[in-house]
Structure formats: structure tokens, C-alpha cells
Amino acid sequence: MDPSSLFHPAVAAWFEDHFARPTAAQTDAWPLIKAGRHTLIAAPTGSGKTFAAFMAAIDDLVRLGIAGALKDETHVVYVSPLKALSNDIQRNLDAPLAGIREELRRRGLPDVDIRAWVRTGTRGC
């Protein structure tokens, strides 16, 4: 599975500059996710499951942003059972988001400001 067949060229280019190839989990999941199918990815730790979902979501947001249709509101919610994992995901999203933004700039495309936030704990419980 070639990322350029499913993702916006700037998103695919960023991926191809940073990874040799998609993992098996990503190869299996991306076509289903991009087709709008509910997708459960069962694979070992470190197999790219979370990034499979994030990459598809980032691509959708980039496409909305380029089209001028990305509203300043929450579009994706990722729920993690562990605070440490949430912070890890935050860090792991910062580099792809910055890199894809730079790839858009390099191609002369509109800037797309995609932000990731982490919320931990509970209030009022």
C-alpha cells in the first residue's frame, strides 16, 4: 500500500520522508479508515496502530484546511486510558503536524493550523 494513493500529496510526502514504509497495521487499516469504515486494529505494541488512526485523521483535516472548510472546533477525540500515554501521543503528534505544515508551505499551499491538546484527570467527580 502506497501512502500517496490515499493521502494528500503533502501528507504522503511527509510520511515518505520520515518512514521507509508503512507497517502492516497501517497498510491494512488505512484503506478501511479512509473509506469511512469502523476499524479495529489489533496488533502488538509499537506496530503503528495509533499513528494509523492519527495519519488518516490528519489527512482529513489537511484536506479540509486546504479547502478553507476547517472550522476552529474539535474534530478528533482520542481517548487513552493512561496519562503517560496521553502525553506520549501529544509529543508524537507535534512532529508530524509541524512537518506536514512545513510540507504544505514548501508546496505553496495554504497553511493548515491543526492543534493537539491533552486533557487528563476529571473535574466535578
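Each reported figure results from applying straightforward, stated rules to the coordinates on display, with no laboratory input. Because the structure is a prediction, the values reported are computed rather than measured. Here the Cβ positions follow ideal geometry from the backbone for every residue, glycine too, while neighbour counts run over all protein chains shown.
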Residue separation times 0.36 nm, minus the C-alpha to C-alpha distance between Arg119 and Ser4: what's the value? 38.1 nm
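Hey, what number do you get for the chain at 222 nm if only DSSP H runs of n ≥ 4 count, each worth -39500 (n - 2.57), divided across all residues, to the nearest 500? Each step should come with its number before you reach the end.
Details: 4 runs with 63 residues, N = 125.
After summing the helix terms and dividing by residue count, I get -16500 deg cm²/dmol.
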Tell me the net charge near Ile41. Cut-off is 9 Å between Cβ atoms, Ile41 excluded, with +1 for each Lys or Arg and -1 for each Asp or Glu. 0
Expressed in whole Å with the largest first, what are the equivalent ellipsoid semi-axes of the chain derived from the C-alpha gyration tensor as the square root of 5 times each eigenvalue? 23, 20, 14
